[in-house]
1. Mind pulling up the Rg/Rh value for the range 94-172? Radius of gyration and Kirkwood radius, both on Cα.
2. On the protein heavy atoms, probe 1.4 angstrom, tell me the percent of accessible surface of the chain carried by carbon and sulfur.
3. Give me the net charge of Thr170's neighbourhood, meaning all other residues with Cβ under 13 Å from the Cβ of Thr170; Lys, Arg count +1, Asp, Glu -1.
4. What number, in percent, do you get for the relative contact order of the chain if the mean sequence gap of Cα pairs under 8 Å and at least 6 apart is divided by its residue count?
5. How large is the dipole of the chain about the Cα centre if only Lys and Arg carry +1 and Asp and Glu carry -1, each at its Cβ, rounded to the nearest 20 debye?
6. Projected onto the charge dipole of the chain (+1 at Lys/Arg Cβ, -1 at Asp/Glu Cβ, origin at the Cα centre), which of Val18, Met179, Pro86 gives the Cα projection farthest towards the positive end?
7. Can you tell me the order of 119-128, 96-105 when each peptide is scored by its average per-residue count of other Cβ atoms within 10 angstrom, highest first?
8. With a 1.4 Å probe and all protein chains left in place, how much accessible area per residue does the chain have, in Å²?
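The values are calculated or read from the model by the stated rules, or taken from the named source; none is laboratory data. None of the values given here were measured: they were computed from a predicted structure. Positions of Cβ are backbone-derived with ideal geometry, glycine not excepted, and every protein chain shown enters the neighbour counts. Only protein heavy atoms, including side chains, enter the accessible area calculation; ligands, DNA and RNA are left aside. Shrake-Rupley method; radii C 1.70, N 1.55, O 1.52, S 1.80 Å.
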Amino acid sequence: MHAQQPGWIRPAIEYGPVVLFFVSYKIWGLMPATAILVVASVLAVAVGFLLSHRLAWAPIVTTVIVVVFGGLTLIFKDETFVKMKPTIVEGLFAVTLWTGLLLKRPLLQHLMGQGLKLDQAGWRKLEFRFALFCAAMAMLNEIIWRTQSTDVWVDFKLGLIVLTVLFMATQLPLIRNHM
């Protein structure tokens with residue numbers, strides 16, 4: 001049996017490193033902020049494991065990509081790598097969710113199933129919408145980092161948290177209809 005984690009753990013693990021990246025960037029610039037992002041991501045997953053005694057796959061995948069692309073950014077002193085990271089993470093999640101739908105194995109249900117009880121049609125719709133959202137975020141990240149300044153991209157990266165919360169809020173009617 002898994003230990004029950006406090007409600008703040010998951011958001012802290014998922015969004016804490018991004019907030020630290022944002023604050024660090026404003027104070028010290030991109031390279032120090034990238035180093036802080038890498039360390040904070042690893043620590044967030046470690047703390048999550050210590051508190052819940054399990055590792056969720058999404059933060060692990062994200063952290064591995066942060067370590068690889070953040071490391072490449074620091075080694076080569078090239079901001080392109082860290083700017084590509086959100087595209088890769090969001091794109092990977094979109095493809096993974098769509099693959100689950102094609103194989104008739106909803107992965108979102110596996111991730112959220114204990115806390116959310118939906119019928120199968122609801123899970124399929126929610127998973128499809130999350131896949132579309134992730135794909136849109138990947139494309140939006142590509143547009144922003146390729147056409148805007150690093151300052152704008154960093155602000156956008158923090159804004160992704162707000163967009164994610166807004167997206168989830170728009171899914172409440174679907175969730176209510178399929179409970």
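1. Using only Cα positions, Rg/Rh for the range 94-172 is 1.06.
2. For the chain, the apolar C and S fraction of the accessible surface comes to 71 percent.
3. +3
4. Numbers: 175 pairs, mean separation 36.0, N = 179.
After rounding, I find 20 percent.
5. Once rounded to the nearest 20, the dipole reads 460 debye.
6. Met179
7. By packing density, highest mean first, the sequence is 119-128, 96-105.
8. 57 Å²
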